[in-house]
Amino acid sequence: MLFFCLVLFAIGGTTTLAQTEKGNVIAAARALETTPLSEGTSKIAQRAFKWVAETDEVSLTVCGGTFGLFSDKKNKQASLMTMAYAVGMAAYKLENPAKDENAIQLAGLETALKAYEMAVKEKPKTKSDQVEALLTKRANGELAAAVNAGDCGKK
């Protein structure tokens with residue numbers, strides 16, 4: 001009986017931990033979109049990124065067609081955007097079990113762009129022409145087409 005109780009407790013604890021980590025990923029994505037340069041956001045985002053990299057509960061595809069839209073070495077916010085892109089995709093997948101890879105890529109890119117915008121508000125000298133062009137595409141309703149052109153959903 002004691003063994004059975006311990007097994008149930010272990011399973012329940014593992015499930016609770018997974019739910020907590022999933023919640024952390026979603027919270028990290030929202031924090032990256034609003035306060036990307038804060039120390040608290042950095043900690044929660046790093047924890048989320050590590051969990052996403054290590055877990056088998058969510059898997060990501062880093063699509064060159066999307067990643068290449070902002071990963072220029074001249075972009076001083078590229079590392080922040082990369083973190084936001086990955087965490088944003090993971091949060092989207094956890095919240096939306098759909099399998100549309102282009103929608104997942106777009107969600108990650110949107111999180112990355114929001115993180116960039118907020119970071120540039122604090123550090124205007126870190127603007128990137130490449131990312132500013134993406135913001136223009138987003139404002140013109142052309143961002144989804146840019147992601148779809150990368151054909152990340154192709155099998």
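Read the figures in this text as sums done on the coordinates, not as results from a lab. Remember, predicted model here, so these are calculated numbers, not experimental data. Every residue, glycine among them, receives a Cβ derived from its backbone with ideal geometry; neighbour counts consider all protein chains shown.
Odds and ends about this structure:
- Value of [θ]222 nm, deg cm²/dmol, for the chain, DSSP H segments ≥ 4, -39500 (n - 2.57) each, nearest 500: -23500 deg cm²/dmol
- Most fluctuating residue given options Val58, Val87, Val25, as computed from a GNM of the chain linking Cα atoms under 10 Å: Val58
- Cα centroid separation, the range 106-155 to the range 30-48: 18 Å.
- Note: relative contact order over the chain, using C-alpha pairs below 8 Å and six or more positions apart, is 28 percent.
- Using alpha carbons only: equivalent-ellipsoid semi-axes of the range 2-149, gyration tensor based, whole Å: 32, 17, 11
- The local environment of Lys76, defined by Cβ-Cβ distances under 11 Å, has a net charge of +4 under the rule Lys, Arg +1 and Asp, Glu -1.
- Angle between the chain longest axis and helix 101-122 axis [Cα atoms, degrees, rounded to 10]: 70
- Cβ-placed point charges (K, R +1; D, E -1), dipole of the chain about Cα centre in debye, nearest 20: 380
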